[in-house]
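Accompanying notes for the structure given below.
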Amino acid sequence: MAEAPRNFPEGSSLVTRSPLSPIGQAVPPTNDPAWQPPKDATAGNIKARAAVINREIPISTTQTGWEIAQVRGALDALVNGLFDGPAQLVDAIIGDSRVQSAMQSRVGGLLGRELRHHRANDSDAARECYDAWAAHWPAMANEPMLADMLHWSCNLGFWVGQLLWDTNGPVWKPYISPFHPRYTYYHWMLRRLIAITQDGQCEVDPGNGHWVLHAPHGRYRGWMRGAVRAIAPWWLARNYALRDWARYSERHGMPIGKAITPSGADQDSIQAFRSALANLGQESILQLPQSDDATFGKYDLEWLETDGSGWAGFQQLIAQCNAEITLAVLGQNLTSEVKEGSFAAARVHADVRQAILESDARALSQTIYTQIARPFAALNFGDPDLAPRSSWDIVPWEDNAALAQTFSAFSIGVSTLKTAGHDVTDIEALGRQFGLSLKVAKIEKTSEATPNDEKKVP
């Protein structure tokens, strides 16, 4: 068991023991720091906490080669809340082209959307806080930093960083600095994430003006849902398959030469023939002496090639690994498995992708609000409730072509109903059944208009 952090909150390292109950069982203590209700971390001396800088241990060595036993060991450590090995495994996995492609799709799907800031209320103080926040946003929450938060929280289950405050101006400006998760572990007795720094161990207290912890799956064992647990076995198998396929291609892409020589020829002639074949460079040559029969008494060169289909096994394994990795990151594999023309399947996959996008957006927006925006408002304007909210416009893009076709078919259907003598009393309600909103612009005929003259009414 690792030692308790040195700068844990005052008095929390001592737990008061309660007297025995009438049946001899100890009454549980009420001041155990691991079992306290949530509190507003901006309370207390937030300015003193904001001035703290925890120096990260330099990453001078890292593991780059991984075998089966090492991957299993890293995943076992992850389950136990030890993140040194798992974090290095994530660093290795992200170098894979398939993983990078899936992660760029997931991260870009959110960060590529329009960003919006929202004021807390209509007061002058909230407006002033909003203006200061929006002006500092590009320097504080740039896209590489947000992408790093999403990358680690997706793969490892959490991201941890510090806020470095610039206090030289009238407005204290926070800058987000990532803290590599390999130098963290989970303290099971305290139920807190602990950071290992150059100055010792300290508790990660998100929202206190110094630490930021983005854990979309929860702070307690949220790492169990990190994608690395699902990706790692398939990533390793994919790399082995690519390596073996490359070796197979090398072996079968370089046929072996068969040097045919008469078995009764003199050695000088054979040596001269072999010397001539040596000019072929690195090609493998096998000398095959033939019988004394006149039919085979010759010098010749043939190529020994294979026509096997063993490569298909590598291709199928790599395709399966690709699909599993994509599923772990994106929740669907639309581009790799859904066949052309399967609109229903594509719609289901798009819905899954949209659900993950919305979940990522909610989690990131909540982390930024509670752990960065509220300390920003508390330090600069004296009230954390003045903090603005930042969010992304994740409304699905409409397929205008499909919408136009639906509207055209709907219009023809309504006309057909009227021609048949049916009275459509609520056309808006009927349109909603087909996903159409007819409230934006109503169309009605004027009293003098001919049947072809229409106007739009706002």
### Message
Tell me whether the range 132-142 contains one or more residues that are buried (at least 16 other Cβ atoms within 10 Å of the Cβ) and within 17 Å of A215 (Cβ to Cβ).
### Response
no
### Task
List the number of the failed condition for G109; all other conditions in (1) open to solvent by 30 Å² or more (accessible area, probe 1.4 Å); (2) modelled with pLDDT under 95 hold.
(1)
### Query
Scanning for something crowded, with 21+ Cβ neighbours inside 10 Å and among the charged types (D, E, K, R), does the range 218-239 turn up at least one residue?
yes
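Restricted to the range 36-64, and to residues that are of a type in the set (G, A, S) and part of a loop (DSSP other than H, G, I, E, B), which residue is nearest to T184 (Cα to Cα)?
Once the filter is applied, the top-ranked residue is S60.
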### Residue list for the range 195-205, filter: surrounded by fewer than 21 Cβ atoms within 10 Å (Cβ to Cβ), part of a loop (DSSP other than H, G, I, E, B) and not charged (D, E, K, R)
Q198
### Summary
Among I372, I412, I356, I427, the single one that is at pLDDT 95 or above, out of contact with any Leu (no Cβ under 6 Å at 6 or more places or on another chain) and aliphatic (A, V, I, L, M) is I372
### Query
What is the number of the single condition among (1) more than 24 Å from the chain's Cα centre (by Cα); (2) open to solvent by less than 10 Å² (accessible area, probe 1.4 Å); (3) more than 20 Å from A41 (Cα to Cα) that H210 does not meet?
(3)
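Among the residues of the range 441-456, are any modelled with pLDDT of 80 or more, touching a strand residue (DSSP E or B) at 6+ places or on another chain (Cβ under 9 Å) and either open to solvent by 50 Å² or more (accessible area, probe 1.4 Å) or farther than 30 Å from M140 by Cβ (or both)? First the steps, then the outcome.
Step one: filter the range 441-456 for residues modelled with pLDDT of 80 or more, giving none.
There is no residue in the range 441-456 that is modelled with pLDDT of 80 or more, touching a strand residue (DSSP E or B) at 6+ places or on another chain (Cβ under 9 Å) and either open to solvent by 50 Å² or more (accessible area, probe 1.4 Å) or farther than 30 Å from M140 by Cβ (or both).
Go through the range 161-192 and give me each residue that's without any contact (Cβ under 8 Å) to a residue 60 or more places away in the chain and in contact with a strand residue (DSSP E or B) (Cβ under 9 Å, 6 or more places away or on another chain).
Step one: list which residues in the range 161-192 are without any contact (Cβ under 8 Å) to a residue 60 or more places away in the chain, which gives 161, 166, 168-170, 173, 175, 177-178.
Scanning the range 161-192 gives G161, D166, K173, Y175, S177, P178.
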### Query
Could you give every pair whose Cβ atoms fall below 7 Å, whose first residue belongs to the range 104-130 and is within 23 Å of N142 (Cβ to Cβ), and whose second residue is buried (at least 18 other Cβ atoms within 10 Å of the Cβ) and among the acidic types (D, E), counting only separations of at least 6 or pairs across chains?
L110/D360
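Listed here are the residues, each with its yes/no results for (1) over 17 Å from Q371 (Cβ atoms); (2) more than 28 Å from the chain's Cα centre (by Cα); (3) among the hydrophobic types (A, V, I, L, M, F, W, C); (4) modelled with pLDDT under 85.
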residue	(1), (2), (3), (4)
T42	no, yes, no, yes
V52	no, yes, yes, no
I59	yes, no, yes, no
T64	yes, no, no, no
V90	yes, no, yes, no
D96	yes, no, no, no
### Count of the range 152-194 residues which are assigned to a strand (DSSP E or B), hydrophobic (A, V, I, L, M, F, W, C) and within 23 Å of the chain's Cα centre (by Cα)
5
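The values are calculated or read from the model by the stated rules, or taken from the named source; none is laboratory data. A quick note: this is a predicted structure, and the numbers were derived from the prediction, not measured. As a convention, Cβ positions derive from the backbone with ideal geometry for all residues, glycine included, and neighbour counts pool all protein chains shown. With ligands, DNA and RNA removed, areas are computed over all heavy atoms of the protein, side chains included. Shrake-Rupley method; radii C 1.70, N 1.55, O 1.52, S 1.80 Å.
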